[in-house]
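The values are calculated or read from the model by the stated rules, or taken from the named source; none is laboratory data. It should be emphasised that the depicted structure is a prediction, and the values quoted were computed from it without experimental measurement. Positions of Cβ are generated from backbone atoms using ideal geometry, with glycine treated the same way; all protein chains shown enter the neighbour counts.
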Amino acid sequence: MAETPPVDSPLYTRLLAGALRTALADTPVVCLLGPRQVGKTTLARQLEPTMGYVSLDDAATAGFAADDPAGFVAALPSPVILDEVQRAPELLRAIKLSVDNDRRPGRFLLTGSANLLMLPRLGDSLAGRMEIIDLHPLTAAEQAGQPGTFLARLLGGDLEPAVATTAATTTGSDTLVRHVLGGGFPEAVARTPGRARAWHRSYLRTLIERDVRDVANLRDPQELMRLLELMALRTGQLLNVSSLANELGVRRETVDHYLAVCERLFLLRRLQPWHGNRAKRLIKTPKVHLVDSGLCATLADLEAADAIGQRQRFGHLLETFVVQQLAAQVGWTAPELKLWHYRDKDQVEVDVVITRGREVWGVEVKAAATVTSRDGTGLRRLADRSGADFKGGALLYTGSSTIPLETRYCLAVPMARLWDI
């Protein structure tokens, strides 16, 4: 168990590595969570190549851990990377006891492909003793080898007007479509579009046949696939559980259960509604996004030509892509940030509301190369509702110049800033 096989250098530099390194320096247990096949093991072993490595994907190893958790933990090398910890939930209490006796930092680096905080058996086992870090699919900035500073510049007020000197609209548009349809799973990104879609389908099939049982008992796992297909068609839209139940022919409670399973496996993300009065946020309707735009595109049968032919559907997919980029950048920019959406009774919307304490920023998404004064309506309403707490906003569009909007501290910003700065 103590042997550490060699680790190949990763193809991409993961921008979350600094946050992971910092956590290991002062915390006994660090858990790296994220979707399966997103690069958790590669990052952990590349960052800490001298750590022992044990995978609970191995049936014999998982059996030992389940039968004798205390003995298993005592037999582990120290420090150790323990991969796919959700497969042996019994281990967490044994790790807790071990840590209570020896609180040296960096003893355990856990990885998990299910959200431990949402699993009843695991959620409270290491509460207060473990730092959780979320690894998302590769961002467009990571794929481009850039530092991913869009969010940091938005928060710092460092985005400035700039008129493009060359017409790069076609090239920029092609790059955007490639990023949106490709998503961020490393295996899919490395393939041609057709082969990436085949990988996405295989990924979901394996996940449903194998990993769902780690987090829930389902009557018919294929109903989960049908739900995901419906959610791909509704990504970036308000959640309507009754409508989903009608289309699937199941009860509302069943849909709620399936949605929770998808969240536990990092397939779906809910954006709760923002409201100036915090007590009112929870009585509004959340928006739902698939976690990866490439996976979503495959499920929705969207291809490059649909960026023009299916503009409304592609617009929702583009919004999902932007949420994916921002959620990942939160991890290395300011983990205390929270993401919401805004929609009022007048149906004025802001796609992403970002908060830190009382501070508020907004991000709107527009699948067009031009902007007008009307396009800032959502940001203007958000600024009015937030008052002095409003710190700025960006309207991301497919043009090439950064242009001031009428609303204070707000700019129309090229979508490419998500990956070229």
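For the range 296-307, the tally of residues that are modelled with pLDDT under 85 and in contact with a Phe, Trp or Tyr (Cβ under 8 Å, 6 or more places away or on another chain) stands at 2.
Screening the range 368-390 for residues that are in contact with a Leu (Cβ under 9 Å, 6 or more places away or on another chain) and farther than 23 Å from V330 by Cα and picking the one that is surrounded by the most Cβ atoms within 10 Å (Cβ to Cβ) gives G376.
Look at the range 245-295 and say how many of its residues are modelled with pLDDT under 90 and at positive phi. Result for the range 245-295: 0. Filtering the range 43-68 to residues that are within 10 Å of T111 (Cβ to Cβ) and hydroxyl-bearing (S, T, Y) leaves only S55. The test for being over 29 Å from E349 (Cβ atoms), among the polar types (S, T, N, Q) and either in contact (Cβ under 8 Å) with a residue 40 or more places away in the chain or outside any loop (DSSP other than H, G, I, E, B) (or both) holds for S202.
Surrounded by fewer than 21 Cβ atoms within 10 Å (Cβ to Cβ), outside any strand (DSSP E or B) and touching a residue at least 60 places away in the same chain (Cβ under 8 Å) - does that describe any residue in the range 295-311?
So the first thing to find is which residues in the range 295-311 are surrounded by fewer than 21 Cβ atoms within 10 Å (Cβ to Cβ), and the list is 301, 303-306, 308-311.
The next check asks that each one be outside any strand (DSSP E or B); those that pass are 301, 303-306, 308-311.
Subsequent filtering for residues that are touching a residue at least 60 places away in the same chain (Cβ under 8 Å) retains 303-304.
Checking the range 295-311: at least one residue is surrounded by fewer than 21 Cβ atoms within 10 Å (Cβ to Cβ), outside any strand (DSSP E or B) and touching a residue at least 60 places away in the same chain (Cβ under 8 Å).
Under the condition of being of a type outside the set (F, W, Y) and either within 14 Å of R93 (Cβ to Cβ) or over 30 Å from the mean Cα position of the chain (by Cα) (or both), the residues counted in the range 54-72 number 9. Residues in the range 209-226 that are surrounded by 16 or more Cβ atoms within 10 Å (Cβ to Cβ) and either within 17 Å of V38 (Cβ to Cβ) or touching a residue at least 24 places away in the same chain (Cβ under 8 Å) (or both): D211, V212, D214, V215, A216, L218, E223, L224. For the range 338-383, the set of residues classified as of a type in the set (A, V, I, L, M, F, W, C) and part of a loop (DSSP other than H, G, I, E, B) consists of V348, A367, A368, A369, V371, listed by residue number.
Among the residues of the range 341-348, are any surrounded by 15 or more Cβ atoms within 10 Å (Cβ to Cβ), β-branched (V, I, T), in contact (Cβ under 8 Å) with a residue 40 or more places away in the chain and at negative phi?
Step one: filter the range 341-348 for residues surrounded by 15 or more Cβ atoms within 10 Å (Cβ to Cβ), giving 341-344, 348.
Going one step further and asking which of them are β-branched (V, I, T), we end up with 348.
Add one more test, that the residue is in contact (Cβ under 8 Å) with a residue 40 or more places away in the chain, and what stays is none.
Looking for residues that are surrounded by 15 or more Cβ atoms within 10 Å (Cβ to Cβ), β-branched (V, I, T), in contact (Cβ under 8 Å) with a residue 40 or more places away in the chain and at negative phi, one finds none in the range 341-348, hence no.
Among the β-branched types (V, I, T) and within 29 Å of R14 (Cβ to Cβ): does that describe T333? Working first, answer last.
Details: among the β-branched types (V, I, T): yes; within 29 Å of R14 (Cβ to Cβ): yes.
It is true that T333 is among the β-branched types (V, I, T) and within 29 Å of R14 (Cβ to Cβ).
Annotation: T171 fulfils all but one of (1) closer than 30 Å to P404 by Cβ; (2) modelled with pLDDT of 95 or more; (3) not basic (K, R); the unmet one is (2).
Just to check your reading of the model, which residue among A62, A75 is among the hydrophobic types (A, V, I, L, M, F, W, C), modelled with pLDDT under 95 and more than 19 Å from W332 (Cα to Cα)? Steps first, answer last, please.
Working: A75 fails: modelled with pLDDT under 95.
That would be A62, the only listed residue that is among the hydrophobic types (A, V, I, L, M, F, W, C), modelled with pLDDT under 95 and more than 19 Å from W332 (Cα to Cα).
Looking across the range 117-140 at every residue that is closer than 17 Å to I95 by Cβ and in contact with a Leu (Cβ under 7 Å, 6 or more places away or on another chain), the one that is modelled with the highest pLDDT is identified as I133. For the range 227-269, the set of residues classified as buried (at least 22 other Cβ atoms within 10 Å of the Cβ), in contact (Cβ under 8 Å) with a residue 60 or more places away in the chain and more than 17 Å from R313 (Cβ to Cβ) consists of R264, L265, F266, L267, listed by residue number.
Of all the listed residues (G331, G357, G378, G362), the sole one being closer than 27 Å to G156 by Cβ, out of contact with any strand residue (DSSP E or B) (no Cβ under 7 Å at 6 or more places or on another chain) and at pLDDT 90 or above is G357. Of all residues in the range 390-417, those satisfying the criterion of being over 16 Å from W361 (Cα atoms) and of a type in the set (A, V, I, L, M, F, W, C) are I403, M415, A416. G399 falls short of the stated requirement of being within 30 Å of I308 (Cβ to Cβ), assigned by TED's automatic domain parsing to the domain that holds G236, under 25 Å from the mean Cα position of the chain (by Cα) and not aliphatic (A, V, I, L, M). Evaluate the following for L239: is it within 23 Å of T298 (Cβ to Cβ), of a type outside the set (V, I, T) and in contact with a strand residue (DSSP E or B) (Cβ under 8 Å, 6 or more places away or on another chain)? Yes; evaluated as a whole, the condition is true for this residue.
So that you can scan it fast, the table gives a plain yes or no per residue for (1) closer than 24 Å to C296 by Cβ; (2) touching a residue at least 40 places away in the same chain (Cβ under 8 Å):
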| site | (1), (2) |
| --- | --- |
| V322 | yes, yes |
| V365 | yes, yes |
| A369 | yes, yes |
| G376 | no, no |
| L379 | no, no |
| L382 | no, yes |
| L395 | yes, no |
| M415 | yes, yes |
